[in-house]
């Protein structure tokens, strides 16, 4: 008969340490669930308008920056030319003493033809960039619209109302081609960050608009 040495003790029932014991600590998920169940409309924390604005602004800003980084040099140049032209029109209106109400500021939006002419002048000044043809430029503007960096403007005088495909189909007098008016949808801060990247010298020269003076 074998001797019962410590190494040959019969195996007893082992306790599963991984399984929760009665009265033991609850899991994080259980604690979180019970905490949420205890909340009511009166006791739940409230998000202020300021919090919502910050979250929304951060989300849209990050999305805009990512789209701007993905642009090629010609797309960036076209956007810079548009911002330069808008700034020039805004300054001219301010110097003339006219008010800049939303309805009147809409006239700051140039047609694609005027924007192309401005882009060409800004690119050829000191030969900073070889300009595209008018048809190529229209394609670039279209790509910027698709990315939401430029928006179409309705009417001859301009009205900053984005046109959905369904609305465009119902308006037979909506301008097309070079007569369409467009407006930039990018903030000043995002434009500054874009012009600090590749081709910074070219883009800063264009967005300054000095060649238009």
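The values are calculated or read from the model by the stated rules, or taken from the named source; none is laboratory data. Values in this document were obtained by computation on a predicted structure and should not be read as measured data. Note that we place each Cβ from the backbone using ideal geometry, even for glycine, and neighbour counts take in every protein chain shown.
Of all the residues that make up region 105-128, how many are assigned to a loop (DSSP other than H, G, I, E, B) and surrounded by 20 or more Cβ atoms within 10 Å (Cβ to Cβ)?
Within region 105-128, the subset assigned to a loop (DSSP other than H, G, I, E, B) is 109-110, 128.
With surrounded by 20 or more Cβ atoms within 10 Å (Cβ to Cβ) added as a condition, the list becomes 109-110.
Residues meeting the conditions: 2.
Considering only region 146-184, state which residues are in a helix (DSSP H, G or I), at pLDDT below 50 and either touching a helix residue (DSSP H, G or I) at 6+ places or on another chain (Cβ under 6 Å) or under 23 Å from residue 64 (Cα atoms) (or both). Residue satisfying the conditions is 165 alone. The sole residue among 135, 143 that is outside any strand (DSSP E or B), in contact with a helix residue (DSSP H, G or I) (Cβ under 9 Å, 6 or more places away or on another chain), surrounded by fewer than 17 Cβ atoms within 10 Å (Cβ to Cβ) and at pLDDT 90 or above is 143.
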